[in-house]
1. The conditions are (1) within 14 Å of another protein chain (Cβ to nearest Cβ); (2) in contact with a helix residue (DSSP H, G or I) (Cβ under 9 Å, 6 or more places away or on another chain), and A:Glu218 fails exactly one of them. Which is it?
2. Looking at the stretch B:52-65, is at least one residue of a type in the set (Lys, Arg) and under 21 Å from B:Arg242 (Cα atoms)?
3. Would you pick out the residues in the stretch B:141-154 that are under 16 Å from the mean Cα position of the chain (by Cα) and either free of Cβ contacts under 8 Å to residues at least 60 places away in the same chain or not in a loop (DSSP other than H, G, I, E, B) (or both)?
4. Just give me the residues in the stretch B:210-226 being within 20 Å of the chain's Cα centre (by Cα) and of a type in the set (A, V, I, L, M), in sequence order.
5. If a residue must be on the phi < 0 side of the Ramachandran plot and part of a loop (DSSP other than H, G, I, E, B), how many such residues does the stretch B:46-86 contain?
6. Can you list residue pairs whose Cβ atoms sit under 7 Å apart, with the first residue in the stretch A:170-189 being closer than 15 Å to B:Pro194 by Cα and the second being hydroxyl-bearing (Ser, Thr, Tyr)? Count only pairs 6 or more apart in sequence or on different chains.
7. Quick one: in the stretch B:230-260, of everything that is of a type in the set (S, T, N, Q) and modelled with pLDDT under 90, which residue is nearest to the chain's Cα centre (by Cα)?
8. Condition check: in contact with a Phe, Trp or Tyr (Cβ under 6 Å, 6 or more places away or on another chain), under 30 Å from A:Asn106 (Cβ atoms) and in the same structural domain as A:Thr29 (by TED's automatic domain parsing). Does A:His191 satisfy that?
2 protein chains.
Amino acid sequence: MNLESLPSLAPVAEQCRERIRNEQHTGPTAGLAAGYVQANLMILPKDWADEFLLFSQRNPKPCPILAVTEPGQHLVPSLGSTIDVRTDFPRYRVWRNGELCAEPLNIRDLWRDDLVSFLIGCSFSFEEALLADGIDVRHISAGVNVPMYRSTIQTQATRRLAGPLVVSMRPMRAADAIRAIQITSRFPSVHGAPVHIGDPALIGITDIHTPDYGDAVEIRPDELPVFWACGVTPQAVAAQARPEFCITHAPGHMLITDIPNTRLAAL
Amino acid sequence: MNLESLPSLAPVAEQCRERIRNEQHTGPTAGLAAGYVQANLMILPKDWADEFLLFSQRNPKPCPILAVTEPGQHLVPSLGSTIDVRTDFPRYRVWRNGELCAEPLNIRDLWRDDLVSFLIGCSFSFEEALLADGIDVRHISAGVNVPMYRSTIQTQATRRLAGPLVVSMRPMRAADAIRAIQITSRFPSVHGAPVHIGDPALIGITDIHTPDYGDAVEIRPDELPVFWACGVTPQAVAAQARPEFCITHAPGHMLITDIPNTRLAAL
């Protein structure tokens with residue numbers, strides 16, 4: 001997506017970022033600065049970054065890009081005038097050759113002039129729209145993380161980047177599922193419409209009660225599981241491709257931007 | 001809906017209507033004048049018509065009104081400059097006290113100054129959009145009538161008009177069902193988005209292979225049944241309410257209007 005004009009500074013979002021930047025808040029960001037877009041992070045050296053950009057172009061549903069920086073540039077003015085990707089996530093994950101090797105609170109000492117940052121849309125934005133419509137988002141009402149699964153749906157590969165689509169699941173009654181499809185269709189930059197609904201086995205999920213990431217949630221007898229492309233996909237694909245160096249956010253520990261969620265609505 | 005400006009005369013639609021008016025074509029209208037809106041008919045005496053208008057306001061999904069005439073007026077210029085409801089349907093059904101008593105090719109001799117005509121949207125318009133998107137519409141590819149069921153979803157009643165929602169069913173793979181929800185959401189004046197997806201028992205359908213109207217169609221193992229509000233609902237409700245006099249079109253024998261289907265798209 002292209003956020004053409006610099007949004008005005010959002011005081012609530014900036015206050016949250018300042019507490020995170022000062023390492024006063026080091027936990028997950030769910031529920032912070034309600035109404036503002038939160039973003040996933042993928043940082044790669046220039047060579048891999050060029051290929052990841054192509055991968056995200058081919059896979060917009062799991063990798064909806066909100067912003068890409070120039071190499072070495074650690075500010076992201078298009079998402080907020082004060083944003084610094086080195087300090088504004090509560091917690092990071094540092095990967096070397098596909099292995100997780102640290103979870104620091106900032107990455108000032110790891111910064112390099114060849115690093116490119118990808119800020120990637122997050123389902124928090126559309127979940128807010130679902131809640132506003134009165135739809136029960138089960139993992140939120142249950143107070144747990146969303147359940148995520150490696151599916152047998154394949155991403156569109158590039159030369160070195162390939163792998164299965166990771167999907168998140170939210171159980172809903174049929175009427176709510178239909179409404180959720182309408183609502184999330186309006187948010188293409190945060191995963192958009194679902195990729196599957198109904199029988200999990202049709203997309204290779206053999207046990208819906210044992211997610212590959214996150215927590216299991218109850219599916220009631222009158223509910224259908226509804227599956228969306230998930231922002232964990234790029235991390236899973238990068239882990240499989242094993243670039244020599246890579247930094248992501250720690251799951252749930254997002255960047256709070258100055259962009260109102262409503263600005264992501266396509267219609 | 002409000003079709004504000006008189007559309008230009010559509011020669012293909014007018015040619016079809018002329019053959020119907022002259023009783024050269026007396027069969028179903030599926031596939032005729034592709035691209036043009038077709039309409040269901042409900043004609044009621046003024047007293048019942050006032051209540052039916054209220055009923056349709058409360059139940060826009062099964063009763064999407066394209067036009068309502070003044071009492072005694074048998075032309076419908078907002079849908080086509082030459083349209084005459086007394087002659088331009090290939091076949092009619094005449095009901096007295098809720099009983100079907102004739103199926104004439106025109107209703108010239110039955111016309112009265114107190115009759116009000118309701119022209120009601122028809123799923124042909126959104127099916128054309130589904131086919132254009134490459135989605136298999138099973139009853140069309142099988143060459144049969146769409147299967148329809150009395151559900152346990154209740155319409156919003158008026159004083160004398162009440163009854164169950166009649167739904168039509170189209171089986172689809174999940175990805176096509178999601179796409180179909182997006183596409184039909186754009187067509188609120190022809191039933192709009194589905195009302196149910198998945199388990200038929202949840203809306204009181206005990207045997208999906210035995211529809212109450214129309215023909216059964218195959219549901220493949222990787223498909224979900226998707227249910228839309230159906231234009232048969234007003235006929236079923238009127239039959240239950242037993243007005244002393246009522247005229248409808250014969251199922252499948254629709255009015256061809258001058259309105260392009262694309263003009264019904266809300267977005």
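The values are calculated or read from the model by the stated rules, or taken from the named source; none is laboratory data. Treat the numbers as computed from the prediction; the structure is a model and nothing was measured. No Cβ is skipped: glycine too gets one built from the backbone with ideal geometry, and neighbour counts run over all protein chains shown.
1. (1)
2. Taking every residue of the stretch B:52-65 in turn, at least one turns out to be of a type in the set (Lys, Arg) and under 21 Å from B:Arg242 (Cα atoms).
3. Once the filter is applied, which keeps residues that are under 16 Å from the mean Cα position of the chain (by Cα) and either free of Cβ contacts under 8 Å to residues at least 60 places away in the same chain or not in a loop (DSSP other than H, G, I, E, B) (or both), the stretch B:141-154 yields B:Met148, B:Tyr149, B:Arg150.
4. Result: B:Ala216, B:Val217, B:Val226.
5. The number of residues fulfilling the criteria is 20.
6. From the stretch A:170-189, the pairs are A:Gln182/B:Ser185.
7. Among them, the one singled out is B:Gln235.
8. no
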